[in-house]
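Student: This is the structure I have questions about; it appears just below.
Read the figures in this text as sums done on the coordinates, not as results from a lab. A quick note: this is a predicted structure, and the numbers were derived from the prediction, not measured. All Cβ positions, glycine included, derive from the backbone under ideal geometry; neighbour counts span all protein chains shown.
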Amino acid sequence: MGRRLLIVGPPGAGKGTQAAMIARALGIPHISTGEMLRAQVAAGTDLGKQAKAIMDSGALVPDAIVIAMVKERLAEDDAACGFLLDGFPRTAAQAEALDREAADRPLELVLSLEVDEEEVVRRLLKRAEIEGRSDDTEETIRNRMAVYRAQTEPLITYYRDRGLLCPIDGMGGIEVTFSRITAALAAA
C-alpha cells in the first residue's frame, strides 16, 4: 500500500508545486479538488453540472458534492497505490466527513507547509506582478490569510490531535522545502 497523504498550507506556500513533486517522486496521483471540479465541469458529468450551477452563482460548492467527487476519485485504479490530496479537506468538518466516507483508506500523514505571513505576502505580490494579476493586492492577500487561518487552524488541530500532523518549514526555496518533505516522509 502506498502513501495516503494530505498537503495543507497558506496561499503562496507552494502547495501545488510541492504536491506535484511529491506525487512524481512517490508515483502516486496528485488529487487537487480544484482541478477535479474543473475536469468534472468540462466533462459535463452530473457532479460537474451540479458544481457548475453552484459556482456560476458565486457560491462555494457544498462539502457533500466535493466529498462525493473525492470518494469517486479515490476509487480509481491509480489511487489504489496511494494518493496525495491537495485543497481538500480545508476544514475540520470536511476532515470528519472524509474520515467517514473513506474509512477504508484513512490518511496516514498530513504535511503542513509553514510559511510566515510576511513571506506569503511577499511571494504573492511577486507572483501577481509576474502574472499581471491586479486582484492580488496586499489587502486581499492579508484577507485571504485571515480566512485561511480561521478555516484551517481547526483542521490543523484536528490532525495534530490524531497524531497525523507533520509540520514542514516552507521558508526557503523549492528544492530546500522539497528536501525537508522527503526527509519527513522517510522518517514517518
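Student: Which of the GluC sites (Glu not before Pro) found in segment 1-91 are in a DSSP loop and have at most 15 neighbouring Cβ atoms, other than their own, within 10 Å?
Tutor: Qualifying residues, ordered by number: 76.
Student: Taking loop as defined by DSSP and a crowding limit of 16 other beta carbons within 10 Å, which trypsin sites (Lys or Arg not before Pro) in segment 102-188 fit? Let's see the in-between values first.
Tutor: On the way: sites: 122, 123, 126, 127, 133, 142, 144, 149, 160, 162, 180; in loops: 133, 162.
In loop regions of segment 102-188 (DSSP not H, G, I, E or B), the sparsely surrounded trypsin sites (Lys or Arg not before Pro) are 133, 162.
Student: Using θ = phi - 60° and the Karplus form 6.51 cos²θ - 1.76 cosθ + 1.60, what ³J(HN,Hα) does each residue of segment 33-48 get, whole Hz, x for Gly and Pro?
Tutor: Residue by residue, segment 33-48 yields 5, x, 5, 4, 4, 4, 5, 5, 5, 4, 7, x, 5, 4, 4, x Hz.
Student: While we're looking at this one, here's another question. Just report the Cα centroid separation between segment 146-181 and segment 55-130, whole Å.
Tutor: Centre-to-centre distance over Cα atoms comes out at 13 Å.
Student: If you wrap the chain's Cα atoms in a convex hull and average its projection over all directions, what's the area in nm²? Working shown, then result.
Tutor: On the way: hull surface 43.9 nm².
Computed as one quarter of the Cα hull surface, the answer is 11.0 nm².
Student: Along the Cα→Cβ direction, 7 angstrom out, place labels at residue 187 and residue 76. What is the inter-label distance in nm?
Tutor: 3.3 nm
Student: Give the span of segment 101-188's Cα atoms along each principal axis, as three whole-Å numbers ordered largest to smallest.
Tutor: Principal-axis extents of the Cα atoms in segment 101-188, largest first: 44, 29, 20 Å.
Student: Taking the Cβ-Cβ separation of residue 157 and residue 126 as r and a Förster radius of 35 Å, what is the calculated FRET efficiency to the nearest 0.05? Let's see the in-between values first.
Tutor: Numbers: r = 31 Å, r/R0 = 0.88.
FRET efficiency, residue 157 to residue 126: 0.70.
Student: Can you divide the C-alpha Rg of segment 123-168 by 2.2 N^0.38 Å and report the result to two decimal places? Mind showing how you got there, number by number?
Tutor: Details: Rg = 14.6 Å, N = 46, 2.2 N^0.38 = 9.4 Å.
Against the compact-globule rule of thumb, the ratio is 1.55.
Student: Run the numbers on segment 58-188 and let me know its relative contact order in percent, using alpha-carbon pairs under 8 Å that are six or more apart.
Tutor: Details: 85 pairs, mean separation 37.9, N = 131.
Normalised by residue count, the contact order of segment 58-188 is 29 percent.
Student: Another one. Once you list every other residue whose beta carbon is under 10 Å from the beta carbon of residue 16, what net charge do they have if Lys and Arg are +1 and Asp and Glu are -1? Present the calculation step by step, with values, prior to reporting the outcome.
Tutor: Values: positive: 15; negative: 35, 86.
Every neighbour counted, the sum reads -1.
Student: Tell me, what ³J(HN,Hα) does each residue in segment 123-136 have, in order and in whole Hz, if you take phi through Karplus 6.51 cos²θ - 1.76 cosθ + 1.60 with θ = phi - 60° and put x for Gly and Pro?
Tutor: Couplings: 4, 6, 5, 5, 4, 4, 5, 5, 8, x, 9, 6, 6, 8 Hz.
Student: Using the Karplus equation 6.51 cos²θ - 1.76 cosθ + 1.60 (θ = phi - 60°), what ³J(HN,Hα) coupling, rounded to whole Hz, does each residue of segment 99-104 give in order, writing x for Gly and Pro?
Tutor: Whole-Hz 3J(HN,Hα) from phi for segment 99-104: 4, 5, 6, 10, 4, 7.
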